[in-house]
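Beneath this line is the structure, given in structure tokens, with notes to follow.
The values are calculated or read from the model by the stated rules, or taken from the named source; none is laboratory data. Note that the structure is a prediction, hence the values are computed from the model and not measured. No Cβ is skipped: glycine too gets one built from the backbone with ideal geometry, and neighbour counts run over all protein chains shown.
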Amino acid sequence: MGIDKDMVPDYPMSWQARALIGLMWGTLKPASTLLMRHPLALAGAARLGDLARLVQVPAPAGVSLKQEVFTACGGEWVRGGDVLDERKVVLYFHGGGYFSCSPCTHRSITWRLSAVAGRPVLALDYRQGPVHKLADSLTDALDAYECLLSRGHAAEDIIVAGDSAGGHLTLATLLALRDREMPLPSAAICMSPWADLTDSPRRENRWQDPMLPASRVRWLARRWTSGLDPRDPLVSPVHGDFTGLPPLMIVTGSTEVLRDEARRVAQRAREARVPVWYEEWPRMPHVFPILADVVPEARMAFRHMSQFLGAVAEREGSVGGTAAA
């Protein structure tokens, strides 16, 4: 099975997806318009996120959670089953615009990713704004990766993944590891990556996206890039040179305001001869895999991730066999 491909999954749109997208139009999009407008609102959202960490939501049956502490941050180990390869790991970065959410808000993704990858997931609780900067988040990501290496995980046994801002952090981490000449993970998965933090207006899908207002995403990008060069690849990975990076899987929805950033990431990677498995799901909203508890299409996306990881493993076996011969 090849890795480099473009896919538009052809599934009938479920009634669950239609209902949730309609709900987003009336709730999440207006809330985003209000929230991403003033620094005090971001601070309030961050405080709510801190309180949410105190709420212990039971894990689904067969899923285990274990807290972890790193140098400057924490995280949790998520095991989506009993029969996992403990030598291998997924390092996961949650989304939330770099100011909200945490590993506990993204468990519907992380436990399923553990199950399809057949390995534990380390969901990193990296530092975020408004108190911390992009550089702090990247430092935490690199520290966690180095910690996994120091604990005996081989780089080829690590997958890095993330959604939205976590997709940004995934790409920035790969670029930083490559530039530091560190061993790279075997693959990466980006769901709806936020990859361009320059001041470019987002015109595509600005009226179709049921969740994110384009003007507010632009406002948030200005805030996080204040005092930085927004075209620095560690700030806007879409402007980076992807030479030498591992195979990428990119999953996005066709009506997302960030869809074109996902397309540009795929293009930049292919220009650097990096295999890309690109999926653009018709009419699906931003980071739709997080809706897997209720939306059939979201559950199907994890089956596709399993196929991608199978293709990566097949590729590695083929390369290894050639080298041995």
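Could you tell me which of the residues Glu316, Glu261, Glu256 is out of contact with any His (no Cβ under 7 Å at 6 or more places or on another chain) and either buried (at least 22 other Cβ atoms within 10 Å of the Cβ) or in a loop (DSSP other than H, G, I, E, B) (or both)? Spell out how you get there, then give the answer.
Values: Glu316 fails: either buried (at least 22 other Cβ atoms within 10 Å of the Cβ) or in a loop (DSSP other than H, G, I, E, B) (or both); Glu256 fails: out of contact with any His (no Cβ under 7 Å at 6 or more places or on another chain).
Going through Glu316, Glu261, Glu256 in turn, just one is out of contact with any His (no Cβ under 7 Å at 6 or more places or on another chain) and either buried (at least 22 other Cβ atoms within 10 Å of the Cβ) or in a loop (DSSP other than H, G, I, E, B) (or both): Glu261.
crowded, with 16+ Cβ neighbours inside 10 Å and either at pLDDT 95 or above or assigned to a helix (DSSP H, G or I) (or both) - does that describe any residue in region 48-55?
Within region 48-55, the subset crowded, with 16+ Cβ neighbours inside 10 Å is 49.
Then drop every residue that is not either at pLDDT 95 or above or assigned to a helix (DSSP H, G or I) (or both), which leaves 49.
Within region 48-55, one or more residues are crowded, with 16+ Cβ neighbours inside 10 Å and either at pLDDT 95 or above or assigned to a helix (DSSP H, G or I) (or both).
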Odd one out for Pro12, checked against (1) modelled with pLDDT of 70 or more; (2) surrounded by 15 or more Cβ atoms within 10 Å (Cβ to Cβ): (2)
Where Ser137 falls short, out of the listed (1) crowded, with 24+ Cβ neighbours inside 10 Å; (2) closer than 21 Å to His286 by Cα: (2)
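To keep it simple, each residue is scored yes or no on (1) closer than 21 Å to Pro30 by Cβ; (2) assigned to a loop (DSSP other than H, G, I, E, B).
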| site | (1), (2) |
| --- | --- |
| Gly152 | no, yes |
| Thr170 | no, no |
| Pro183 | no, yes |
| Asp196 | no, yes |
| Gln208 | yes, yes |
| Arg231 | no, yes |
What's the number of the condition Thr71 fails, among (1) of a type in the set (Val, Ile, Thr); (2) without any contact (Cβ under 8 Å) to a residue 60 or more places away in the chain; (3) more than 16 Å from Ile159 (Cα to Cα)? (2)
Testing Arg216 on (1) under 16 Å from the mean Cα position of the chain (by Cα); (2) part of a helix (DSSP H, G or I); (3) within 20 Å of His94 (Cβ to Cβ); (4) not hydrophobic (A, V, I, L, M, F, W, C), one condition comes back false. Which one is that? (1)
Would you please list the contacts, defined by Cβ atoms under 6 Å and residues six or more apart or on different chains, that run from a residue in region 110-123 that is touching a residue at least 60 places away in the same chain (Cβ under 8 Å) to a residue that is part of a helix (DSSP H, G or I) and hydrophobic (A, V, I, L, M, F, W, C)? Arg112/Phe302; Val116/Phe302; Val116/Met305; Ala117/Leu309
One residue is enough: does region 100-123 have a residue meeting the conditions among the aromatic types (Phe, Trp, Tyr) and at pLDDT below 95? no
